[in-house]
Each structure stands twice: as C-alpha cells, then as structure tokens.
Amino acid sequence: MSMVEEQAIGAFAALAHENRLTIFRSLMRAGPSGMSAGDIAVAAGLAPSNVSFHVAQMERAGLLRSWRVRRNIFYAVDTDGVHRLLTFLTEECCAGHPELCGLHVAGASGGGRRAAQAAEGELTGDTAAE
C-alpha cells in the first residue's frame, strides 16, 4: 500500500515536535523489540502521561506500533509505515533515478558518488571505460 499525501503530512506532523522526535529516535535505536512506555519516559526525560500523548500521535500516523505484555505497554517503530514514508519522499527523486541521489547504491563499489556518476553515464549515454 502506498502512502498518499495526506498520510505523509500526518506522519511529518507527528514527528514535528521535539519530544516526539526524541522518542522516535530512541525507538529506532531500540529496534524491533521496542521499549516499554516507562523506559521511553526515562530515556526522553518525560512524565509517563506525556509519553502516552506523544506515542499515541505517532501511532495514529502509522509510525509506531504497540502491544501489551501484562500491565506494560511496549512501543516500537512500525517499519512498514516508515518505509512507506521514505518511499513517498523518494519515489520521484532525480527523475525516477534515486541512485543519482545516493539513495540506492546496493552492489556498487566506491560509494554513493561513484554509483551516481555511473548512473549518470548510463542516463546520458556516456559509456567511457573507467
């Protein structure tokens, strides 16, 4: 499922707050196992009630997922939601050639700049040997 502009705006709005961005980055570092709401509060230096408010906004925006284990609620980054947001941002990058922006350099040796130069040569028809 691709992201529509309205969803992307909601996701950006959810991240456009210092505390939410701090929480999101902490959860990115935590990985798929996530963190409990209490641990998020400690890591972000926030009251637990503030954490609940902020994670709810990011969850509604499709950036986080939550689950309950006994009396604790855990949160983790929703990788599918983040992937949809990144795809939305980059799908038209560099006239449909994101490798020019260094966004897709898989399999290319020499890093992003070399991959971009190689891709540019392919686009312009330049086939000079390296």
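Numbers below:
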{"quantity": "Hits in segment 82-99 - residues which are touching a Leu at 6+ places or on another chain (Cβ under 7 Å) and surrounded by 14 or more Cβ atoms within 10 Å (Cβ to Cβ)", "calculated": "VAL82, CYS93, CYS94, HIS97"}
{"quantity": "Residue list for segment 19-71, restricted to those being open to solvent by 30 Å² or more (accessible area, probe 1.4 Å) and in contact with an Asp or Glu (Cβ under 7 Å, 6 or more places away or on another chain)", "calculated": "ARG65, SER66"}
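The values are calculated or read from the model by the stated rules, or taken from the named source; none is laboratory data. Because the structure is a prediction, the values reported are computed rather than measured. FYI the Cβ positions are ideal-geometry reconstructions off the backbone, even for glycines, and counts take in every protein chain you see. Please note that ligands, DNA and RNA were not included when accessible areas were found on the heavy atoms of the full protein model with its side chains. Shrake-Rupley method; radii C 1.70, N 1.55, O 1.52, S 1.80 Å.
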